[in-house]
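*Asks:* The structure follows.
Bear in mind these aren't lab numbers, they're just calculated from the coordinates by the rules spelled out. Being a predicted model, the structure only gives us computed values, none of them experimental. As a convention, Cβ positions derive from the backbone with ideal geometry for all residues, glycine included, and neighbour counts pool all protein chains shown.
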Amino acid sequence: MQVTIIAASTICGRIGPGLVGSPVDRGLLESMRAATGASLLGAETLRQGDPEMRGPGGHLPSQRIRAFITESGDIPVAGKKIFSQGPPPLIFTGEAAAAGLRRRLGALAQVVVLPAASAGGLSLVSACAHLAKLGVSSLLVEGGGSLNYACLRQGVVDEILLTLTPKLSGDQGAASVCGGPEPLGEPFLPLTLVSCEAAETGEVFLKYRVRKEE
């Protein structure tokens, strides 16, 4: 399965709070949704916003999977359009939270249990395997920073699409593109630049390939 992380950040690497890219960046995100079979977001992204994962023109393909992952089971429902518009989302979680989520969500979502990963957290390898069984050949990981970190830590990511916005945060408490408890490499995870394009908006669109161990 082809797994792509997509993110927009300030030039100091922050993805929030309140960071919004230009319509050009939004168009890239929507086109990537149209080109992939599923999107995966962390539960914190749902708690902080109201993502619907719509494609170009606001379209919600009936066969495209919209998924969230939560270890705690803290999934808000009230006022979230994801549960009332388009196909019901898929919720990945652990065994401990699954029963409570199924009781609370009912037919609003499909709950799928994942095993624990050896590095901690839930197994993204198993999540990808489950999506592959559903016919998904390409997955778009839309963040946030903790999910991006987990995907990279577990080695499931093939490429990263990063939009650098012409903005600075300076907030040391703001989330970063990728954030976790320890380095991803020794001390870095190497990437290979595939393309770099500057736009009139002042944004820079970067595409990297993740170098994986042979």
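*Asks:* Scan around A8 for amide H atoms under 5 Å from its own, H built in the peptide plane at 1.01 Å from N, and keep only partners 5 or more places away or cross-chain.
*Replies:* It is T163, by chain and number.
*Asks:* Then there's this: When N is the residue count of segment 25-114, what does its C-alpha Rg come to as a fraction of 2.2 N^0.38 Å?
*Replies:* Taking the Cα Rg and dividing by 2.2 N^0.38 Å, one obtains 1.06.
*Asks:* Separate question: Where does the chain land at 222 nm, in deg cm²/dmol rounded to the nearest 500, when only DSSP H runs of n ≥ 4 count, each adding -39500 (n - 2.57), divided by all residues?
*Replies:* Computed ellipticity for the chain at 222 nm equals -6500 deg cm²/dmol.
*Asks:* So, how do all the Cα-to-Cα distances of the chain break down into 10 Å bins, in percent, from 0 on up?
*Replies:* Calculated P(r), rounded to whole percents: 8, 34, 39, 17, 2.
*Asks:* Select from G100, A116, L152 the residue farthest towards the positive end of the dipole of segment 69-159; place +1 on Cβ of Lys and Arg, -1 on Cβ of Asp and Glu, and compute about the Cα centre.
*Replies:* G100
*Asks:* Once amide H atoms are built 1.01 Å from N in the peptide plane, which residues 5 or more positions from V3, or in another chain, come under 5 Å H to H?
*Replies:* Amide H to amide H, under 5 Å and 5 or more residues apart or across chains, V3 pairs with L139, D158, E159.
*Asks:* May I pose another question? Starting from the amide H of L189, placed 1.01 Å from N in the peptide plane, find each other amide H under 5 Å away whose residue is 5 or more places distant or on another chain.
*Replies:* L184
*Asks:* Does segment 160-214 come out rounded, prolate or oblate, given a ≥ b ≥ c as the square roots of the eigenvalues of its C-alpha gyration tensor, rounded meaning a/c under 1.5 and, failing that, prolate meaning a/b above b/c?
*Replies:* oblate
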